[in-house]
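The values are calculated or read from the model by the stated rules, or taken from the named source; none is laboratory data. These figures come from a predicted structure and were not determined experimentally. For neighbour counting, all protein chains shown are included, and Cβ atoms are generated from backbone atoms with ideal geometry for every residue, glycine included. All accessible areas refer to the heavy atoms of the entire protein, side chains included, with ligands and DNA or RNA removed. Shrake-Rupley method; radii C 1.70, N 1.55, O 1.52, S 1.80 Å.
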Amino acid sequence: GLVFLRDIPEHQELIGKCGIDLARWKAPPCDVARIGAAKVVPYRQVSRAVVLERMGYLDQALAEADAALAILSTSREAFEVKGKVYSERKDYARAFENYRLAFLQEPADIGVRRGLALAYVGLGDYDRALAQAARLDEVPGTVSGSYVRAKVAAKKKQYQKAYDILIRHIFPLENRGVDEMIAIGDLCAEQGADDWAALPAPRSLAEAFDRP
């Protein structure tokens, strides 16, 4: 287990005794020979990989994901973590490889299909990205398909189209899709379309775009 403590005086003794520097931390090696032919689910390695990726310790997350795959070579969760890490690093070829392997293990997983679609976007393969978006659109109550379509439109510098997708399909759903709107706003800014990145709109949308 992992316990997070505030760095305040009353916790210093416990932090000094048990504190972990995650930037330098390495998980204990797993004795695969001891496991042998037994089918073991690497839940510890996967759980650590997920937490480390979310906290931004990408090298450590990759190491844990690889450790999980050494135990169970078909771990969908481990491949997904690796896909996320490589996407964050904009290494879309490797992201695609890992999302594809995750997808082969569990085609019904929405997050994996979304990751696969976004890897296609990163690779500039917009037709295949949109094909995956169409499948995501079949799932009710999710903005994933719309987000992929908006990102493709923004990549093509079709900013009005991207904006219309945000307003019509993302803004009304899923806590108003703030994360997705921020990401599209950031993409517009990266491409020099600052006016679109900070376009006035309903209040929460404008706040989502207006990011430091």
Notebook entry, point to check: Can you tell me which residues in the stretch 74-83 are over 13 Å from residue 64 (Cα atoms) and surrounded by 23 or more Cβ atoms within 10 Å (Cβ to Cβ)?
Noted result: 83
Next item on the list: Within the stretch 31-59, work out how many residues are open to solvent by less than 80 Å² (accessible area, probe 1.4 Å) and not in a helix (DSSP H, G or I).
Entry: 6
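Look through 104, 62, 14, 2 and report the one residue that is at pLDDT 95 or above, open to solvent by 80 Å² or more (accessible area, probe 1.4 Å) and of a type in the set (A, V, I, L, M, F, W, C).
Only one candidate qualifies: 104.
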Checklist line | Given (1) touching a helix residue (DSSP H, G or I) at 6+ places or on another chain (Cβ under 9 Å); (2) farther than 19 Å from residue 69 by Cα, number of the condition residue 112 does not satisfy | finding: (2)
Next item on the list: Please determine, by comparing only the residues of the stretch 134-153 that are hydrophobic (A, V, I, L, M, F, W, C) and in contact with a His (Cβ under 9 Å, 6 or more places away or on another chain), which one is surrounded by the fewest Cβ atoms within 10 Å (Cβ to Cβ).
Entry: 143
